[in-house]
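Single-structure report; data block below.
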Amino acid sequence: MNDTSLGAAIRKTMLTANPLAKVMMTRDLVRRWRAGKLAFAFDVAMPDAPARPEKPELLPPNAMPRRGRGGSERGRLALLHALAHIEFVAIDLALDAAGRFGAEMGRDFVDDWLSVAADEAMHFSLLARRLRTLGSFYGAMPAHDGLWDAARETAHDVAARLAVVPMVLEARALDVTPMTVERFLAVGDERSARILQRIVDDEIRHVRFGTTQFAALCKIRGESPADLWKTLVQRHFRGLVKPPFNDSARRSAGLSREMMAGVATPQRPPHTPMHEMAGGSDQL
Ligand SMILES: [Fe+2]
Ligand SMILES: [Fe+2]
């Protein structure tokens with residue numbers, strides 16, 4: 001049977017609010033795509049925003065309770081919850097990339113972003129299960145409502161989408177996750193540390209998909225990747241691209257130091273309050 005379009009299957013998955021159902025549908029969609037059971041057709045529009053479950057409550061970044069820096073168990077639970085939410089939104093971001101730009105970009109692009117969607121579904125599941133093991137669950141705490149802004153802001157142009165979502169937001173995980181792994185190891189939570197290590201390894205691949213596709217687009221458009229990236233980040237990303245960067249992970253993902261120098265936010269004194277978004281997290 002080849003009567004279902006990939007676009008329709010993606011739209012249906014994005015409009016599914018229940019986290020477990022979204023994970024199952026994403027896995028099923030990717031399996032059907034790989035088995036040749038979904039037509040390479042995009043006959044429906046992608047939703048402006050995906051469906052969200054009733055819980056977690058979504059708050060603007062500046063209204064998020066502070067997670068605190070210490071090694072308290074509550075603080076670590078809140079961190080795992082924030083990361084689970086990021087992975088949950090990342091499922092829809094990857095699906096949206098495939099569904100919105102697939103017709104224009106072709107099958108390899110769709111293969112890449114659907115494999116990312118499958119990874120994000122797995123990352124979310126690992127974190128949601130970890131939360132349960134620790135006596136909590138996804139939805140138990142409020143979560144950050146800003147993560148879909150980047151998708152909205154870049155819905156008109158695949159180059160802008162790649163410049164902001166994989167190349168800025170997902171790349172941020174490469175800088176901060178190794179420190180988070182250390183934090184969990186320091187308190188003896190090896191299982192959480194292992195999950196986060198797995199995530200960061202996968203994220204390098206996600207960023208690499210972004211940089212590779214972006215470079216190919218620049219070639220077609222006759223633009224320099226470093227210059228176009230800088231322009232698009234300045235135009236479409238409102239957050240900060242702040243060092244220190246994990247140079248080696250970024251290099252493996254295709255982001256050279258020269259590329260980073262072009263987009264990095266100049267460092268201000270550490271007491272500048274806008275440097276810390278309370279409780280918010282801008283990585284994916
Ligand atoms: Fe992820
Ligand atoms: Fe990712």
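The values are calculated or read from the model by the stated rules, or taken from the named source; none is laboratory data. None of the values given here were measured: they were computed from a predicted structure. For neighbour counting, all protein chains shown are included, and Cβ atoms are generated from backbone atoms with ideal geometry for every residue, glycine included. Keep in mind that these areas ignore ligands, DNA and RNA; they rest on the heavy atoms of the full protein, side chains included. Shrake-Rupley method; radii C 1.70, N 1.55, O 1.52, S 1.80 Å.
If you go through segment 96-144 and keep only what is within 12 Å of ligand 2 (Cβ to nearest atom), among the aliphatic types (A, V, I, L, M) and touching a Ser or Thr at 6+ places or on another chain (Cβ under 9 Å), you end up with Ala117, Ala118, Ala121.
Looking at Arg32, Arg76, can you tell me which residue is of a type in the set (D, E, K, R), over 24 Å from Arg161 (Cα atoms) and open to solvent by less than 60 Å² (accessible area, probe 1.4 Å)? When all the criteria are applied, what remains is Arg76.
Inspect segment 9-28 for any residue being part of a loop (DSSP other than H, G, I, E, B), open to solvent by 40 Å² or more (accessible area, probe 1.4 Å) and aliphatic (A, V, I, L, M) and give the result as yes or no. Yes, some residue in segment 9-28 is part of a loop (DSSP other than H, G, I, E, B), open to solvent by 40 Å² or more (accessible area, probe 1.4 Å) and aliphatic (A, V, I, L, M).
Only one entry of Arg52, Arg66 meets the criterion of being modelled with pLDDT of 95 or more and out of contact with any helix residue (DSSP H, G or I) (no Cβ under 7 Å at 6 or more places or on another chain), and that entry is Arg52. Applying a threshold of 9 Å to beta carbon distances and a minimum spacing of six or more residues, or different chains, the list of pairs starting in segment 201-219 at a residue that is over 16 Å from Asp108 (Cβ atoms) and ending at one that is of a type in the set (Lys, Arg) and assigned to a helix (DSSP H, G or I) reads Ile204/Arg250; Val207/Arg250. Among the residues of segment 112-120, none qualifies, meaning not one is away from ligand 1 (no atom under 16 Å from the Cβ) and open to solvent by 20 Å² or more (accessible area, probe 1.4 Å). With respect to the stated conditions, Gly102 is buried (at least 18 other Cβ atoms within 10 Å of the Cβ) and in a helix (DSSP H, G or I). Screening Ala163 against (1) small (Gly, Ala, Ser); (2) open to solvent by less than 40 Å² (accessible area, probe 1.4 Å); (3) under 24 Å from Arg52 (Cβ atoms) leaves a single unmet condition, (3).
Just one of the listed residues (Gln213, Gln234) is within 15 Å of ligand 2 (Cβ to nearest atom) and not charged (D, E, K, R), and it is Gln213.
Filtering segment 165-188 to residues that are of a type in the set (A, V, I, L, M, F, W, C) and within 16 Å of ligand 1 (Cβ to nearest atom) leaves Val165, Met167, Val168, Leu169, Ala171, Ala173, Leu174, Val176, Val181.
Among (1) away from ligand 2 (no atom under 16 Å from the Cβ); (2) open to solvent by 10 Å² or more (accessible area, probe 1.4 Å), there is one condition Val158 misses while meeting the rest; what is its number? Val158 satisfies all of (1) away from ligand 2 (no atom under 16 Å from the Cβ); (2) open to solvent by 10 Å² or more (accessible area, probe 1.4 Å) except (2). Filter segment 140-163 for residues that are of a type in the set (A, V, I, L, M, F, W, C), outside any helix (DSSP H, G or I) and within 16 Å of ligand 1 (Cβ to nearest atom); which is nearest to Ala45 (Cα to Cα)? Residue satisfying both the conditions and the ranking: Trp148. Just one of the listed residues (Arg191, Arg205) is within 11 Å of ligand 1 (Cβ to nearest atom) and open to solvent by 40 Å² or more (accessible area, probe 1.4 Å), namely Arg205.
Scan segment 118-136 and report the pairs whose first residue is closer than 11 Å to Leu20 by Cα and whose second residue is more than 13 Å from ligand 2 (Cβ to nearest atom) and outside any helix (DSSP H, G or I), with Cβ atoms within less than 8 Å and a gap of 6+ or a chain change. Once the first residue is closer than 11 Å to Leu20 by Cα and sits in segment 118-136, its partners that are more than 13 Å from ligand 2 (Cβ to nearest atom) and outside any helix (DSSP H, G or I) give Phe124/Tyr138; Ala128/Phe137; Ala128/Tyr138. Does Pro47 satisfy being assigned to a loop (DSSP other than H, G, I, E, B), in contact with a Gly (Cβ under 7 Å, 6 or more places away or on another chain) and modelled with pLDDT of 95 or more? For Pro47, the condition - assigned to a loop (DSSP other than H, G, I, E, B), in contact with a Gly (Cβ under 7 Å, 6 or more places away or on another chain) and modelled with pLDDT of 95 or more - is not met.
Looking across segment 121-139, the residues that are away from ligand 1 (no atom under 16 Å from the Cβ) and either part of a helix (DSSP H, G or I) or open to solvent by less than 10 Å² (accessible area, probe 1.4 Å) (or both) come down to Arg132, Thr133, Gly139. One residue alone among Leu196, Leu185, Leu147 is modelled with pLDDT of 95 or more and crowded, with 19+ Cβ neighbours inside 10 Å, and that residue is Leu196.
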